[in-house]
Amino acid sequence: THAAEVYWDSTAVVVDADGIHELFPETDEDWDQVWAAAVTIAESGNLLMMAPRRVDDGLWMQYARQLVDAGNVAIEAAVARDPERVLDAGEVVYNACTVCHTAYVTD
């Protein structure tokens, strides 16, 4: 989703021929965008649990709850304004997204 992309793109460590480059939110506005993306991720999980989006009452609901939990971890990292926690939370979000997409998204 767009919110996940915004969250993931907000913080990065890039190693290239010129050295190590760290990208992280610097301004209040930057951090607000990270927080808003995290809230959107958490609320997306809530929306996935509601009809007509709910696919089933089994794994779908479990995965949607995992997305809510991942979003909440991401919110906490954004509120703390901790780039390392944002990176770690980004992995939690990625894992929550991937497990569901693997089970339910087909091409």
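The values are calculated or read from the model by the stated rules, or taken from the named source; none is laboratory data. Please read all numbers here as calculations on a predicted model, not as lab measurements. Cβ sites come from the backbone with ideal geometry, for glycine too, and all protein chains shown count toward neighbours. For the accessible areas, the whole protein counts, side chains as well, though only heavy atoms, and no ligand, DNA or RNA atoms are used. Shrake-Rupley method; radii C 1.70, N 1.55, O 1.52, S 1.80 Å.
The figures follow:
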{"read-out": "Degrees separating the helix 59-80 axis from the principal Cα axis of the chain, which is the longest one", "value": "30"}
{"read-out": "Inter-centroid distance (Cα atoms) of region 51-84 relative to region 1-32, Å", "value": "21"}
{"read-out": "Principal axis dimensions, largest first and in whole angstrom, of region 57-107 by Cα", "value": "35, 22, 11"}
{"read-out": "Simple label model, 7 Å out from Cα along Cβ direction - Asp16 to Thr98, nm", "value": "2.5"}
{"read-out": "Accessible surface of the chain, 1.4 Å probe, proportion on carbon and sulfur as whole %", "value": "55"}
{"read-out": "Magnitude of the charge dipole, the chain, Cβ model with Lys/Arg +1 and Asp/Glu -1, debye to 20", "value": "680"}
{"read-out": "Cα→Cβ-extended label distance, 7 Å offset, between Ala80 and Asp28, nm", "value": "2.3"}
{"read-out": "Theoretical FRET efficiency, 1/(1+(r/R0)^6), r = Cβ-Cβ of Asp9 and Ala36, R0 22 Å, to 0.05", "value": "0.95"}
{"read-out": "Residues whose placed amide H lies under 5 Å from that of Asp82, excluding near-sequence neighbours", "value": "none"}
{"read-out": "Rounded tilt (10° steps) of 83-104 against the dominant C-alpha axis of the chain", "value": "30"}
{"read-out": "Rough spin-label spacing in nm, given labels placed 7 Å along Cα→Cβ, for Met50 and Thr106", "value": "2.8"}
{"read-out": "Acute angle (nearest 10 degrees) that the helix 28-48 long axis makes with the longest principal axis of the chain, alpha-carbon atoms", "value": "10"}
